[in-house]
Amino acid sequence: MAKKTSTKLSDSEQVELYMKTLSAHPMLAEVEALRTILKKSSAKLNERIKWNAPSYYYKEDIVTFGPRKDDKVLLVFHHPHIVKIKSDLLEGDYKDRRLAWFSSMKEIKSNKKNLTTIMKLLVEAIDKK
């Protein structure tokens, strides 16, 4: 009898499978738009599932989508350098993370440059270590 081998899904396959679970989510277009911005912000970034949501890393974890809500999308920036970045987009006064909330596609589009800059600064900080 042939032995079955289980193949672990790649990081990108896991993310695509996760995204299929959001197919009926009212903020799916916004999640996809944010994913695109994050992925395009640096060729060094990789995407995977962390905390049961898409997450982005480069040598170290940087940002992860937060718990799902029906009316807004949360990004949790959890790289330690985030507390040194000044931006109106970033909320919270936590010692090791900042949050960014998006309620509409208009809000995402108007913050695209800001979000891209934040990601570039975090990648640069990791490179400087």
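Each listed q (0.10, 0.13, 0.17 Å⁻¹) maps to a log10 I(q)/I(0) for the range 2-129, found by the Debye formula over equal Cα scatterers with no solvent: -0.32, -0.52, -0.87. Could you pull out which residues in the range 83-119 have an amide N less than 14 Å from a spot 7 Å beyond the Cα of Lys44, following the Cα-Cβ vector? Taking a point 7 Å out along Cα→Cβ of Lys44, the residues of the range 83-119 whose backbone N falls under 14 Å are 117-119.
Given the C-alpha centroids of the range 53-85 and the range 12-30, what is the distance between them in whole angstrom? The distance from the Cα centre of the range 53-85 to that of the range 12-30 comes to 16 Å.
Taking 15 Å as the cut-off, the amide N atoms of the range 75-108 that come nearer than this to a point 7 Å along the Cα-to-beta-carbon line of Ala29 belong to 103-108.
When the solvent-accessible area of the chain is split by element, carbon and sulfur atoms take up 51 percent of it, the probe being 1.4 Å.
Taking the Cβ of Asp127 as the center, what net charge do the other residues with Cβ under 10 Å away carry, scoring Lys and Arg +1 and Asp and Glu -1? Write down the numbers at each step before the final one.
Details: positive: Lys44, Lys59, Lys128, Lys129; negative: Glu124.
Summing Lys/Arg as +1 and Asp/Glu as -1 gives +3.
The overall shape of the range 62-105 is prolate: from the C-alpha gyration tensor, with semi-axes ordered a ≥ b ≥ c, the ratio a/c is 1.5 or greater and a/b exceeds b/c.
The values are calculated or read from the model by the stated rules, or taken from the named source; none is laboratory data. On a predicted model such as this, the values are computed, not experimentally measured, just so you know. In this analysis, Cβ positions are derived from the backbone assuming ideal geometry, glycine residues included, and neighbour counts consider all displayed protein chains. Remember, those area values only see protein heavy atoms, side chains included, never the ligands or the DNA or RNA. Shrake-Rupley method; radii C 1.70, N 1.55, O 1.52, S 1.80 Å.
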